[in-house]
Amino acid sequence: MSLQYSEDQINEIEIGLEKGLDTTLYENPAFLAMHMHEIRIGLEKGLKVEYYADPGFDWLQMREIRMGLENAINVSGYADKSIPYDIMREERKAIQYGVDISDYKGGRRGKQAPIMRQLRKGRIHGVELMPFIQQGYDSEQLQEIRHALEKEIDITPYLDINYRGSAINEIRKGLESGIDVSIYTDAEYNWRQMHEIRLGLQKRLEVDKYKNKYYSHQQMREIRLGLEAGLNVDEYRQMRFSATDMKRKRLELIELLESAMKAGQSVLDEIEDIVRKQQDKEAGIEPITLTVTRDKKEAYVTIREGYNDIKEADVLNLVWNSGIRKGIKRDAMKAIEKGERGTDGQVLVAKGEDSTNGEDGWYEFFFRTDLDGKPKILPDGTVDYNNIEWFDLVTEGQKVAEYHPATKGSDGFDVFGNVIPGRNGKEEPLLTGKGFSVSKDSLIYTSDEDGLIVLRDGRRLEISSVLEVEEVNSSTGFVVYKGSVHVRGDVGTGGVINCGGDVIVDGFVEGGNITAEGDVLLKHGMNGNGRGVIRAGKNVTSKFFENADVYAGDTIFLDYSTNSTLYAENYVEVQRQRGAIVGGVVTGLNGMTIYTAGNKMGAKTKLVAGMPKSVNSRRAELHDKINSHKDQLKVLRNAEADFHKKYPLTVLTGMDVFTKIENAIYTKELDLEAANKELAEFVEKEKEYSKAKIIVKGELLDGVDVDISGRHWISYGVTRVTLKLVNDEHGEHVIAYND
């Protein structure tokens, strides 16, 4: 066998035999190790490998047929050796996701798969690309058009069949940012030039300084970076300068700007030395001496007593010979000639000019931005849920924000003629978000609709319409709305709300089901009767939860909970003094602050924080994925090496199977890189979980089960403690301590 098979082929056969598989189905030297691997995986999963156990298929085609069989797809429509694997993949995924792309008549050859991919992805998300395909747009262009249409961006007026996909990408990103893309939608710009102009517009720079189509994108970049740094780019933006020259001049200006902000000690020492030498020249009998301040902004002459015949020319010569070139005050010198002196004998003969720094750009908002949506704790320790300031309301056409642009600085100088650069103010980026329009000059933000307005993270402005309903229950039907929902009454058993904004309920919630991409606020509370469910993308706030199931993508705020399952991706915070958690399971992955947990009757109560159990399995999955990518890379590289041994390079370049191996190696290397990055991000998240604490401000009654990152601790009745996970000489365990 060793004479017929490579080491990797033998390995695949041996693995199959160890697992009790019928390896005769792939014990064929005509199969590469990658072929054998696909057949073996199919046998392990009980698939009908007869569909693809044929050396006429390459291993990538085999994989697409195998994956179709795994998903119970009828593969007979594409299990054809003449169909390239990437076409197979698109036909398989179209069937798998339930979309029809059979109206695409591009055929099953050539570079049709990327176009099929965009058509499929578009239809999955409700976007139709066929009109653009019929106009002749390629896959890269279609991808950018699809991204725009999926975000409901009207990119059609700016499309040109001559644009590359990367150019359409720049137009799409510009439209997303709310800038006037017509400034750079000129077919004579290449996409890199578009990129530089777009970045400048987004940062409110004077793009007129560099949007000349005859600039290379490298030149544009150097001018843009100069504008961002507040430099006077007119000194180097001449077309005759190359990008390298521009960069050198830009860095010189930055260095000058930085050095001008601090005293040049060596220069000051040199000037002081000049003055000292002059004073010593005649053993202190010089009639005129010159003094320059340390900041080099002012120069004074001192006229010794008894010397009244000093001429203007004498003073001017002294000043000029000392290197002073700017701010010279000839009127003062003429006054000296007339015998005028200062009270201390000093006369100001040269004065520099201070530089000025421009003011940074800033936003003025015409609604309250300090509303945190959190209930207020009253002096008596109770919590006011009825008057939570959640948001402001705006009307269609209302001005909601105005941008005040940065102002320019001005250069100054010292008496020696050195420029003291002034810094231009820094512009703030455009606001992102939805529900508003921006004026052509990008200064005024106006609401597109009546609704609620929220500023998130200081940069994202969201305006969404509000659907007002009296109540929601099984008889009113489902409430599905893209904005926010305000229920004036109750949400009864069987009531369902699904919205893309926030949900506010003035009344009570019973066994209803509420799903919101934003926050959920219950002004009273929820008795779920074991059937009530809330899922929020952000925070959930309620006075109480009874027999409810609640999930929050951020934080859960409450007074008390009984026999409920609460799960917060971030934190759980009991607002009310003497508030309680009795029964059920309450989870805050990054920790929680509570008052009382458990009761004297021994209600089964569990508090969970830190690393969830699913994390351990996720870590194993990531390691398995990385190892799988490494194993597949090893097989592919071995196959590549075998081909290099068997054939000269001139032959290999024309071999389709060798090209597929090289492409597969490149793709698999990218997969490995992405998996390693995902693992690194996961490790960082683990570190955050390790800091989780449970803070008890009241009493933790007997029998409460505390779980921090999988380590249990049963309460024996303690008060005012903090619980966290430690790893010491006793191993990893939960400790309770008083702050």
**Message:** Among the residues of region 110-130, are any buried (at least 16 other Cβ atoms within 10 Å of the Cβ), at pLDDT 90 or above and not in a helix (DSSP H, G or I)?
**Reply:** yes
**Prompt:** Does G417 qualify as being outside any strand (DSSP E or B), more than 23 Å from K173 (Cα to Cα) and not hydroxyl-bearing (S, T, Y)?
**Reply:** yes
**Message:** Can you find, within region 438-457, the residue that is farthest from D360 (Cα to Cα) among those that are without any contact (Cβ under 8 Å) to a residue 60 or more places away in the chain and of a type in the set (G, A, S)?
**Reply:** G451
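To keep it simple, each residue is scored yes or no on (1) surrounded by fewer than 17 Cβ atoms within 10 Å (Cβ to Cβ); (2) assigned by TED's automatic domain parsing to the domain that holds A580; (3) of a type outside the set (D, E); (4) assigned to a strand (DSSP E or B).
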position: H629; (1), (2), (3), (4): no, no, yes, no
position: V635; (1), (2), (3), (4): no, no, yes, no
position: A639; (1), (2), (3), (4): no, no, yes, no
position: K677; (1), (2), (3), (4): yes, no, yes, no
position: V683; (1), (2), (3), (4): yes, no, yes, no
position: V696; (1), (2), (3), (4): no, yes, yes, yes
position: V706; (1), (2), (3), (4): no, yes, yes, yes
**Prompt:** Here are some conditions: (1) at pLDDT below 90; (2) closer than 30 Å to A299 by Cα; (3) part of a strand (DSSP E or B). V454 meets all but one. Which one does it not meet?
**Reply:** (2)
**Complete:** How many residues of region 199-215 are in a loop (DSSP other than H, G, I, E, B) and surrounded by fewer than 17 Cβ atoms within 10 Å (Cβ to Cβ)? The answer is 4
**Among (1) without any contact (Cβ under 8 Å) to a residue 24 or more places away in the chain; (2) buried (at least 20 other Cβ atoms within 10 Å of the Cβ); (3) not in a helix (DSSP H, G or I), the one test that A53 misses** = (1)
**Prompt:** Got a sec? Which of G433, G425, G528, G532 is closer than 30 Å to D360 by Cβ and in a strand (DSSP E or B)?
**Reply:** G433
**Prompt:** Before we move on, is G492 at pLDDT below 90 and under 26 Å from V572 (Cα atoms)?
**Reply:** no
**Fill in**
The one condition A187 fails out of (1) modelled with pLDDT of 90 or more; (2) among the aliphatic types (A, V, I, L, M); (3) farther than 28 Å from R123 by Cα is (1)
**Request:** Would you tally the residues in region 449-504 being out of contact with any strand residue (DSSP E or B) (no Cβ under 6 Å at 6 or more places or on another chain) and surrounded by 23 or more Cβ atoms within 10 Å (Cβ to Cβ)?
**Result:** 0
**Request:** Give me a count of the residues in region 176-194 that are touching a residue at least 24 places away in the same chain (Cβ under 8 Å) and touching a Lys or Arg at 6+ places or on another chain (Cβ under 9 Å).
**Result:** 13
**Message:** For region 708-731, give me the residue count where each residue is part of a strand (DSSP E or B) and either basic (K, R) or within 35 Å of the chain's Cα centre (by Cα) (or both).
**Reply:** 9
**Request:** Residues being in contact (Cβ under 8 Å) with a residue 40 or more places away in the chain and either charged (D, E, K, R) or more than 23 Å from Q61 (Cα to Cα) (or both): count how many of those fall in region 657-679.
**Result:** 6
**Item:** Test for G698: is it farther than 17 Å from E732 by Cβ and either in contact with a Ser or Thr (Cβ under 8 Å, 6 or more places away or on another chain) or polar (S, T, N, Q) (or both)
**Value:** yes
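The values are calculated or read from the model by the stated rules, or taken from the named source; none is laboratory data. Keep in mind the model is a prediction, meaning the values are calculated, not measured. All Cβ positions, glycine included, derive from the backbone under ideal geometry; neighbour counts span all protein chains shown.
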